[in-house]
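Scroll down for the structure; my scribbles are underneath it.
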Amino acid sequence: QVQLVESGGGLVQAGGSLRLSCAASGSIFSINVMGWYRQAPGKQRELVANITGGSSTNYADSVKGRFTISRDGGKNAVYLQMNSLKPEDTAVYYCNAVIKTYLQMRWNGYWGQGTQVTVSS
């Protein structure tokens, strides 16, 4: 019904940059908040950044000043520009979106499949 497809992960050296993309598709009536979470091995999934429909943003303290989240409403997409990457940023990054579909007409949260980001020292 709804799919979130991520792309852009990979291996990068410390200090480098990556850009993650996530596109939502399906029977979408409206999208509220979109965001990125990450989960490192042995750790809980944590919020990295999110952005509302009005483009208000929220960042984890650990990524402020290095990561930038943005969205394209026309494409139902959200992006995460990651600069000055550190080894501790290594994790699987998941896209999340709060979406109302034509079928249900209520807000539900959806997750992407995850994309690996590995930062070498």
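Return only the number of the condition from (1) modelled with pLDDT of 95 or more; (2) on the phi < 0 side of the Ramachandran plot; (3) open to solvent by less than 70 Å² (accessible area, probe 1.4 Å) that G10 does not satisfy.
Result: G10 fails condition (2) only.
Take the stretch 100-119 and flag every residue that is under 21 Å from S21 (Cα atoms) and either of a type in the set (S, T, Y) or outside any loop (DSSP other than H, G, I, E, B) (or both). Even if it seems obvious, please write down each step before you answer.
So the first thing to find is which residues in the stretch 100-119 are under 21 Å from S21 (Cα atoms), and the list is 100, 108-119.
Residues satisfying the conditions are K100, N108, G109, Y110, W111, T115, Q116, V117, T118, V119.
Just a yes or no: is a residue in the stretch 75-85 surrounded by fewer than 17 Cβ atoms within 10 Å (Cβ to Cβ) and touching a helix residue (DSSP H, G or I) at 6+ places or on another chain (Cβ under 9 Å)?
The answer is no; no qualifying residue exists.
Identify, please: which residue in the stretch 73-117 is within 16 Å of the chain's Cα centre (by Cα) and at pLDDT below 95 and is, among those, nearest to N32 (Cα to Cα)? Can you show your working first?
Just the residues of the stretch 73-117 that are within 16 Å of the chain's Cα centre (by Cα), to begin with: 73, 75-83, 85, 89-99, 109-117.
Checking which are at pLDDT below 95 leaves us with 73, 75.
Working: G73: 10, K75: 14 Å.
Of everything passing the filter in the stretch 73-117, G73 is nearest to N32 (Cα to Cα).
Here are the criteria: (1) without any contact (Cβ under 8 Å) to a residue 40 or more places away in the chain; (2) surrounded by 21 or more Cβ atoms within 10 Å (Cβ to Cβ). Tell me which single one I99 does not satisfy.
Only one criterion in (1) without any contact (Cβ under 8 Å) to a residue 40 or more places away in the chain; (2) surrounded by 21 or more Cβ atoms within 10 Å (Cβ to Cβ) is unmet by I99, namely (1).
Which of the strands (runs of 3 or more DSSP E) found entirely inside the stretch 1-99 contain at least 3 residues meeting this: under 17 Å from Q113 (Cα atoms) and not basic (K, R)? First the steps, then the outcome.
Numbers: elements: 2-7, 10-13, 18-26, 28-39, 46-51, 57-59, 67-72, 77-82.
Filter on the stretch 1-99 gives 2-7, 18-26, 28-39, 46-51, 77-82.
The values are calculated or read from the model by the stated rules, or taken from the named source; none is laboratory data. As the structure is a prediction and not an experimental result, all values here were calculated from the model. Reconstructed Cβ throughout: ideal geometry from the backbone, glycine too, with neighbour counts over all protein chains shown. To get the accessible areas, we keep the full protein, side chains included, count just its heavy atoms, and leave off ligands, DNA and RNA. Shrake-Rupley method; radii C 1.70, N 1.55, O 1.52, S 1.80 Å.
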